[in-house]
Amino acid sequence: MKPKDVIVYNLEQALEAGGCPLCRCLAEATKRYLTNLLYEFVNDPRTRDQLRAAGGFCREHSWVLQRMGDPLAHSIIYADLIDAFCTELDQTSGVLRGGPSLLGTEKERICAVCREEAAMEDRYVDGLLGALRSGAFRDKYRQAGYLCLPHFRKAYGRNRNKEERAFLAEVQSAYLSGLSSELKEFIRKSDYRYAHELPGTERDAWIRAVRFWVGPQDLEA
């Protein structure tokens, strides 16, 4: 299966699972990337060079990786990162003794996982926009699709086709209209006068609203 076809297939599977399909696909791709890092590439010289150049991982991905376990892989990664930092510290203090430290003005570093996610996100956004030219995919998207706000902004802004932009907006509006109604129903039932009414689908609307606004937490999809 061609890479382009794999992306469309993954998007279709994500639509069936519910939620923002781009978030779900990226979560799965990131999990695969991290799993491969821990179990296959932790001793790869090129990977270690990239991690040192990036200064390790951002806070979010550091703890995501930690929760995946594998103490040995973590020990290998962090021993290498710490040794590299100590070497940099020794060089800086030796060259600039008595002067300003280069370590005090940290150069911009991009987490290796964040960089990979950004590249994957671009591929999946382009894949989604390409798939929307298919009537069959459109039908699936209309029935179960919506994008979280960050991904909607990116997909909508990248699309230059007026008809496709109108389609994205139509599906998004339909989803948000329903979500808004559920939030208002939750508010209504929070009134003591209606407290006797049993909760319905609106009971977790507030969680879905947060997920829509900023995307899922960690690698949850």
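Cross-chain or 8 or more residues apart, Cα under 20 Å: how many lysine pairs in the range 3-214 fit that? Count them up, please.
On the way: 4/31; 4/140; 4/154; 154/162.
Value for the range 3-214: 4.
For the range 160-221, what is one quarter of the convex hull surface built on the Cα atoms, given in nm²? Each step should come with its number before you reach the end.
Working: hull surface 22.9 nm².
With the hull built on Cα positions only, its mean projection is 5.7 nm².
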Dmax and Rg, reported as Rg then Dmax, of the range 107-189 (C-alpha, Å) | 16.0, 52
Report, to two decimal places, the Cα Rg of the chain normalised by 2.2 N^0.38 Å (N = number of residues).
-> 1.32
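Give the calculated FRET efficiency between residue 115 and residue 190 to the nearest 0.05, with a Förster radius of 45 Å applied to their Cβ-Cβ distance.
Working: r = 44 Å, r/R0 = 0.97.
After rounding to 0.05, the efficiency reads 0.55.
How big is the charge dipole of the chain about its Cα centre, in debye rounded to the nearest 20, if each Lys and Arg gets +1 on its Cβ and each Asp and Glu gets -1 on its Cβ? Could you put the intermediate results ahead of the total?
Working: 32 positive and 32 negative charges, 147 e Å.
It comes to approximately 700 debye.
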Given the candidates 43, 183, 168, the one whose Cα lies deepest towards the positive end of the charge dipole of the chain, counting +1 at each Lys or Arg C-beta and -1 at each Asp or Glu C-beta, is 168
Counting Lys and Arg as +1 and Asp and Glu as -1 over every other residue whose Cβ sits under 10 Å from the Cβ of residue 164, the net charge comes to +4
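How would you rank 25-37, 181-193, 201-213, highest first, on the average number of other Cβ atoms within 10 Å across their residues?
On the way: 25-37: 17.8, 181-193: 12.8, 201-213: 14.8.
The densest-packed peptide leads the list: 25-37, 201-213, 181-193.
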Between residue 63 and residue 144, the two model label points (7 Å from Cα along the beta-carbon direction) sit apart by a distance in nm of 3.1
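FYI, it's all coordinate maths here, none of it is from the lab. As the structure is a computational prediction, the values presented were derived from the model and not from experiment. Cβ coordinates were reconstructed from backbone atoms using ideal geometry, including for glycine residues, and neighbour counts include every protein chain displayed.
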